[in-house]
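The values are calculated or read from the model by the stated rules, or taken from the named source; none is laboratory data. Quick caveat: nothing in here was measured; it's all calculated off a predicted structure. Using ideal geometry, Cβ is built from the backbone for each residue, glycine included, and neighbour counts are taken over all protein chains shown. We work out accessible area using only protein heavy atoms, side chains counted, and drop any ligands, DNA or RNA first. Shrake-Rupley method; radii C 1.70, N 1.55, O 1.52, S 1.80 Å.
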Amino acid sequence: QAVAMAADQTLNGVSPALAAMEKERGHAVMMTLLDLERERPSFHVMGVEQATAWQHASVKVTLRVDRIDETDHGAKVVMDYKSGQRTPDFQKDWLRPQPINLQLPLYATVLRQADAAGQRGQIEALLFAKLNAKKTEFNGLGEDGSDIAGITSLAKLAPGQSWEALLDGWERSLEQLARDISDGIADNRSWAVNDLMYCDVLPFLRLAQESEDD
């Protein structure tokens, strides 16, 4: 029913043969996803396409979280759907001194904000759901003890670092970024070669010469 409804909404004007192939692909992907969901520990879906906002200094960001699940012990699993063949490389992007690609960490920061009773939200894992005909899978990062297939435990990547400390670090990084934007700070800082991928003056930075000197 979901595939048929989506096809009615998005495949107007498409040839019947192509529409049939798209529906077949969509059905196969969704059935694989449901098989993955069935293998997870018990949970319920708290919200889908949930609108929220985050503000710090003069920066305000409007967000729409693909999905928020809650486990039996009250922790949240934040999910983002990806339809491409690759998902963000969270192992490199989120654990570096200045983390990047912070969509899911920003969602976690918002969901950890204290409620009226002063209680902070508990986040168990940040999860990408890759929906692709070649491979449909879960991929993400979580605290020790998460039993979701595809979740990499933080202890495996950064022994000795606590999950709560990592979440706190992301929050501080996001707040500092908002303050820098608000104050007009735009220093030329980089922590990895790929940080300069879109630099307009890359030929003048003499990076190759520095590498040879090293």
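Exposed loop positions in the chain were taken to be trypsin sites (Lys or Arg not before Pro) whose DSSP state is not H, G, I, E or B and which have at most 16 other beta-carbon atoms within 10 angstrom. Between these positions, the longest stretch is 1-85. Ordered by solvent-accessible area of protein heavy atoms (1.4 Å probe), largest first, the residues 89, 187, 72 come out as 72, 187, 89. Placing +1 on the Cβ of each Lys and Arg and -1 on the Cβ of each Asp and Glu in the chain, which of 199, 7, 79 has its Cα farthest towards the positive end of the resulting dipole? Farthest towards the positive end: 7.
Put a plus charge on the Cβ of each Lys and Arg, a minus charge on the Cβ of each Asp and Glu, and nothing anywhere else: the dipole of segment 18-133 about its Cα centre is then about 400 debye.
Using the Cβ-Cβ distance between residue 63 and residue 114 with R0 = 25 Å, the FRET efficiency computed as 1/(1 + (r/R0)^6) comes to roughly 0.90. Straight-line reach from residue 60: which aspartates and glutamates have a Cα under 15 Å away, not including same-chain ones fewer than 8 places off? Partners within reach: 171, 175, 180, 183.
Given R0 = 25 Å, the distance between the Cβ atoms of residue 81 and residue 11 translates into a calculated FRET efficiency of 0.85.
A 1.4 Å probe, protein heavy atoms only, puts the accessible area of residue 5 near 110 Å². Positive contributions from Lys and Arg (+1) and negative ones from Asp and Glu (-1), summed over other residues with Cβ under 14 Å from the Cβ of residue 138, come out at -3. Note on segment 105-214: Kirkwood hydrodynamic radius from all Cα pairs is 17.6 Å, rounded to one decimal. Taking N as the residue count of segment 67-125, its C-alpha radius of gyration divided by 2.2 N^0.38 Å amounts to 1.28. Please work out the ratio of the alpha-carbon Rg of segment 1-137 to 2.2 N^0.38 Å and round it to two decimals. For segment 1-137, the normalised Cα radius of gyration is 1.24.
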